[in-house]
Amino acid sequence: MSKKRTLGIEREWFIMRNGNIVAGVGDVLPKLWEIVETRGFNKSQFGYELFAGQIEDRTEPVPCTESLIDSLKKNEALLKEIGESLGLHFVCKDFVTEEELGELVVNPFDQRHKSIWAEITRERKVAASQVAAIHIHVSVTPEEAVQILNYCRRSVIDRLAKMGDFSQGKRLNAYRVMAKVYGDSPVFKDVDHLMKYIKDSGGERDVWDMVRYKPSTGTVEFRMFGATGDLEKIKSFVCAVQEVIKGACERVEELH
């Protein structure tokens, strides 16, 4: 990409003890938060998901793919260290069966998540808990966000999702059961239309599309890739996302 942009990744892991998924984020995350800043990490680099059997690591905004991968390696090493101290380990895979989930428990940290958990059916609880993903963020202007979202129709989403599918479509099917969307956004007329859509959805966190704009971070987030520990695959995801953004912006330039 000719334009310099920052990149970021969120990566979800299942929390395991003796080969079983356990709802252990309430134990792991406070321990991580105690030591991250003494190691040169930012507290925001580790967080929770809806299901207490998962934990998420995040990179800070970085200028290139190499820095992104380096940050992921450091996060993983710290996760492994803390996990070993608690008798836990972490698995980065995109889908598990209902039988593997163990006890269905919401994370103890987030009141919004607790409210969602209380309202959804068991089927949707299972679907939400079975899936783990890698989300890629790329910095954009609001005007570029409109261009990119309008470019990301189902054919684009399906192509990217296929790259990050390691469960023969099971993760995507479960996600759509939980989110009750396919994943393609509306076509937006302009930035005002996009911002109204986000507001009417309940805010950026309640937009469940596979590609969404986050005003709080100034990024477009690509959410269709399954979780994997394979850094070469993650690099390929980032490259594909960059090509989509380039194609979206170049198409608009051609139209003008």
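Structural remarks
- If the condition is being among the basic types (Lys, Arg) and in contact with a strand residue (DSSP E or B) (Cβ under 7 Å, 6 or more places away or on another chain), then the range 1-49 contributes Arg5, Arg11.
- Close pairs (8 angstrom Cβ cut-off, 6 or more residues apart or separate chains): free of Cβ contacts under 8 Å to residues at least 40 places away in the same chain in the range 78-104, among the polar types (S, T, N, Q) anywhere: Thr97/Gln130; Glu98/Gln130
- Any hit, the range 32-51, residues being closer than 29 Å to Ile245 by Cβ, touching a residue at least 40 places away in the same chain (Cβ under 8 Å) and of a type in the set (Gly, Ala, Ser): no
- Scope the range 177-197; condition exposed (fewer than 12 other Cβ atoms within 10 Å of the Cβ), charged (D, E, K, R) and part of a loop (DSSP other than H, G, I, E, B); matching residues: Lys180, Lys189, Asp190
- Identity of the residue in the range 198-256, among the small types (Gly, Ala, Ser) and farther than 20 Å from Gly169 by Cα, that ends up surrounded by the most Cβ atoms within 10 Å (Cβ to Cβ): Ala248
- Count of residues meeting criterion [of a type in the set (Val, Ile, Thr), more than 14 Å from Ala77 (Cβ to Cβ) and either at pLDDT 95 or above or surrounded by 16 or more Cβ atoms within 10 Å (Cβ to Cβ) (or both)] in the range 29-61: 1
- Test: residue in the range 93-109 that is farther than 28 Å from Gln242 by Cα and in contact with an Asp or Glu (Cβ under 8 Å, 6 or more places away or on another chain): yes
- Across the range 38-53, the number of residues qualifying as out of contact with any helix residue (DSSP H, G or I) (no Cβ under 7 Å at 6 or more places or on another chain), farther than 16 Å from Gly8 by Cβ and not in a loop (DSSP other than H, G, I, E, B) comes to 1.
- Any hit, the range 187-207, residues being under 22 Å from Glu250 (Cβ atoms) and hydroxyl-bearing (Ser, Thr, Tyr): no
- Among the criteria (1) assigned to a helix (DSSP H, G or I); (2) out of contact with any His (no Cβ under 9 Å at 6 or more places or on another chain); (3) touching a residue at least 12 places away in the same chain (Cβ under 8 Å), the one Ile136 does not fulfil is (1).
The values are calculated or read from the model by the stated rules, or taken from the named source; none is laboratory data. These numbers were taken from a predicted model, which means no experiment stands behind them. Please note: Cβ atoms are built from the backbone with ideal geometry, for glycine as well, and neighbour counts cover all protein chains shown.
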